[in-house]
1. List every residue pair whose Cβ atoms lie under 6 Å apart, where the two residues are 6 or more positions apart in sequence or sit on different chains, the first residue falls within the range 43-63 and is among the acidic types (Asp, Glu), and the second residue, located anywhere, is open to solvent by less than 10 Å² (accessible area, probe 1.4 Å) and outside any strand (DSSP E or B).
2. Restrict the check to the range 34-43 and report whether at least one residue is more than 14 Å from TYR122 (Cβ to Cβ), among the small types (Gly, Ala, Ser) and open to solvent by less than 20 Å² (accessible area, probe 1.4 Å).
3. Which one is farthest from the chain's Cα centre (by Cα) among residues in the range 173-199 that are open to solvent by less than 40 Å² (accessible area, probe 1.4 Å) and among the hydrophobic types (A, V, I, L, M, F, W, C)?
4. List pairs: first in the range 71-100 and touching a residue at least 24 places away in the same chain (Cβ under 8 Å), second among the aliphatic types (A, V, I, L, M), Cβ under 6 Å, 6+ apart or cross-chain?
5. When you go through THR78, THR128 one by one, which is the residue that is within 23 Å of ALA16 (Cα to Cα), open to solvent by less than 60 Å² (accessible area, probe 1.4 Å) and modelled with pLDDT of 85 or more?
6. Kindly list, by first and then second residue, each pair from a residue in the range 186-207 that is farther than 30 Å from GLU41 by Cβ and of a type in the set (Val, Ile, Thr) to a residue that is modelled with pLDDT of 85 or more and surrounded by 13 or more Cβ atoms within 10 Å (Cβ to Cβ), limited to pairs with Cβ atoms under 6 Å and residues at least 6 apart or on different chains.
7. Out of curiosity, is TYR49 open to solvent by less than 50 Å² (accessible area, probe 1.4 Å) and in contact with an Asp or Glu (Cβ under 6 Å, 6 or more places away or on another chain)?
8. If you take the residues of the range 200-209 that are open to solvent by 30 Å² or more (accessible area, probe 1.4 Å) and of a type in the set (A, V, I, L, M, F, W, C), which of them is nearest to ILE152 (Cα to Cα)?
Amino acid sequence: MNFSFDYVEKRIIINAFFCTAFIISNLITIKVVNLNFYGMEVTAGVLIYPLVYILINVVTEVYGENAAHRTMILGLATDVLFVLMTTLILFLPSPVWYTGDSSLAFVFTQTPKILIAAYISYLLGNLTNARLTVVFNRNVESYSAFKNLAAIAIGEFVDNAFFIFAIFIFSVPIKEIMIMIVCNQLILMAWNVVAEPFTKRLVLWAKES
């Protein structure tokens, strides 16, 4: 089996992982994780969502800002398909022996409201990230780890803050919302710092002809 990919095939691979990571992050956000540290809690989506930003950053760096916008639209389109299908199955009748309807309903009745907020925050955050990646790396020939992290951090903060406010503003005290935003942001940044060497390598791999 040949694992040598050309320039276009590499872009397809990155886009495929981007769409998959985006769908997974929005699905597992339903799960709230107790950090057992001063009562701090985060959504499980924080475990994979930084990958969405890393991949859109790579697309912007290698293929340009317009390509990043198209990748983001593709991510939204695939997620819409996911929501439509998972909502549809809730209305399909099940045989009397099937016992999974209540579990499916618990998960998939929540995804539409989560995804509506996620769509807006996702666009705001990723557009911010893509724009800053272009601005920070203008007239810079080599890959800059610091500028890459800065663009991701600011984009993620915009996304994270808007999403959490949109979901919890009418049900959770402002103080708790602020704690969640800070806690999520710290985990997101720790994830990005650990992944930075791999991000640099992915950029170099994608640029290879």
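1. GLU61/VAL203
2. Scanning the range 34-43 turns up no residue that is more than 14 Å from TYR122 (Cβ to Cβ), among the small types (Gly, Ala, Ser) and open to solvent by less than 20 Å² (accessible area, probe 1.4 Å).
3. Once the filter is applied, the top-ranked residue is ILE177.
4. THR71/VAL59; ASP79/ILE23; PHE82/ILE23; VAL83/LEU115
5. From the options THR78, THR128, the qualifying one is THR78.
6. As it stands, the answer is VAL203/VAL58, since those pairs meet every condition given.
7. For TYR49, the condition - open to solvent by less than 50 Å² (accessible area, probe 1.4 Å) and in contact with an Asp or Glu (Cβ under 6 Å, 6 or more places away or on another chain) - is not met.
8. Only one residue tops the list, namely LEU202.
The values are calculated or read from the model by the stated rules, or taken from the named source; none is laboratory data. Owing to the predicted nature of the structure, the values given are computational and were not obtained by experimental measurement. Neighbour counts are summed over all protein chains in view; Cβ atoms, including those assigned to glycine, are modelled from backbone coordinates with ideal geometry. For the accessible areas, the whole protein counts, side chains as well, though only heavy atoms, and no ligand, DNA or RNA atoms are used. Shrake-Rupley method; radii C 1.70, N 1.55, O 1.52, S 1.80 Å.
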